[in-house]
1. Restricting attention to region 226-282, which residues are closer than 27 Å to G154 by Cβ and among the polar types (S, T, N, Q)?
2. Identify all residues within region 276-299 that are closer than 18 Å to K51 by Cα and within 16 Å of the ligand (Cβ to nearest atom); write none if there are none.
3. For region 22-41, name all the residues that are buried (at least 23 other Cβ atoms within 10 Å of the Cβ) and not in a helix (DSSP H, G or I).
4. Exactly one condition in (1) away from the ligand (no atom under 14 Å from the Cβ); (2) in a helix (DSSP H, G or I) is false for P319; which is it?
5. So I39 passes all but one of these: (1) within 12 Å of the ligand (Cβ to nearest atom); (2) at pLDDT 95 or above; (3) of a type outside the set (S, T, N, Q). Which condition number does it fail?
6. Kindly provide the set of residues from region 322-355 that are modelled with pLDDT of 90 or more, closer than 25 Å to A92 by Cα and assigned to a loop (DSSP other than H, G, I, E, B), ordered by number.
7. From the residues in region 47-77 that are within 20 Å of the chain's Cα centre (by Cα) and away from the ligand (no atom under 12 Å from the Cβ), which one is modelled with the highest pLDDT?
8. Quick check, is A44 within 12 Å of the ligand (Cβ to nearest atom) and surrounded by fewer than 18 Cβ atoms within 10 Å (Cβ to Cβ)?
Amino acid sequence: TAQVPDILSPEFAANPYPAYRAMRESAPLLWHEATQSWIVSRYADVERVFKDKEATFTTDNYDWQLEPVHGRTILQMSGREHAVRRALVAPAFRGSELQDTFLPVIERNSRELIDAFRNAGSADLVADYATRLPVNVIADMLGLDRADHARFHGWYTAVINFLGNLAGDPDVAAAGERTRVEFAEYMIPVIQERRENPGDDLLSALCAAEVDGVRMSDEDIKAFCSLLLAAGGETTDKAIASIFANLLTNPEQLAAVRADRALIARAFAETLRVTPPVHMIMRQSAVDVELTGGTVPAGATVTCLIGAANRDESRYKDPDRFDLFREDLTTTTAFSAAADHLAFALGRHFCVGALLAKAEVETGVNQLLDAMPDVRLAEGFDPVEQGVFTRGPQALPVRFTPVGA
Ligand code: HEM
């Protein structure tokens, strides 16, 4: 049988993949004492938990983790409450809203970050780009004062640290709860002002949204914006860093993408499969449920290991290899990521921001390749992944010849 992994150990954080494989092979349903949860690691089982048409699994167990920092968000909701609340926010993240209103925001923010290092010949694509773009984009989408971006970044960091506080550091917990207060003090007056003077931004759209006679209160909108920091910030940050790490360590695939930019969509899907930003997602069982390897009792917490499921050898050939040309990838240039991996989850809580994330990654890769024609990793540098619940490269120092030099 598989050894129960200690997810707080440095060995697991350094390389969880051998433990994932052992679980898939010999303990596809594993009771984990430290997190008091049933770990599910095979693709078919994780897919089943996410799709769950009969409402066998809920997200009720998110409340204790998310409520203290965000308040009540769609991620904690189920059933009709979730369906209506999700319909209020989702339109802003797809179709013409995304294409016409927010794509220019992404392009502008990406260009500004690149301009800061395009003549230097060197950069750290994590610190100088990936960690900054998604949060700047969210702040601009909301139409916040650009002079406040630094404060917004500070709240982002406090929220991320709060959610990743596995060791229960009391200072990190207190900073997270303080952020909830400060964020509300800042956001509520801005929301009220936007109700009076609506503009072309996400906050105004959220103020105006109405579904089945339901509208969002100031508190609802503030909580959703707080969720965006974590759900749209850290995830996209890791996705951008990982697609670059995967391409830079596979130079022949980087050359192919450089020559044919339509391949970025496949590189993105393959990155989300082999190195998903979110490795673990929790659910709560409403009734006893049969999964491969046994029965999960009603009321239990289930940990879905996306990072393990996405490398299931019964689903993917040579699963540990990054290969954007792999035959079991259905994505061509269009968006069909849902069929290729579980990185955005599936079913009712499927990522609202998937198309926004794709637009950010595609813009970022395109603009960075244009600015850095001969980009390569700094000599002797090997990317190191970090993180347990979310995961991505810690740093990506690169060298390049500036355009026109
Ligand atoms: C939900 C991943 C980018 C907003 C989710 C979930 C996953 C996920 C796995 C499901 C959580 C669960 O079921 O417990 C990702 C990844 C991203 C990304 C890998 C980047 C590559 C974004 C962006 C936004 C966003 C850019 C918006 C700005 C949301 C929201 C939810 C969500 C609001 C909650 C949906 C619901 O509860 O119905 N995301 N996400 N995400 N994501 Fe994303």
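1. Selection gives S226, T235, T236, S242.
2. If the condition is that a residue be closer than 18 Å to K51 by Cα and within 16 Å of the ligand (Cβ to nearest atom), then V278, H279, M280, I281, M282, R283, Q284, S285, A286 are the ones that fit.
3. Residues satisfying the conditions are W38, I39, V40, S41.
4. Evaluating P319 over (1) away from the ligand (no atom under 14 Å from the Cβ); (2) in a helix (DSSP H, G or I) leaves (2) as the failure.
5. (1)
6. Correct list: H341, L342, A343, F344, A345, L346, F350, C351, V352, G353.
7. E47
8. no
The values are calculated or read from the model by the stated rules, or taken from the named source; none is laboratory data. Keep in mind that this is a model prediction, so the values were computed, not measured. Note that each Cβ is placed from the backbone with ideal geometry, even for glycine, and that neighbours are counted across all protein chains shown.
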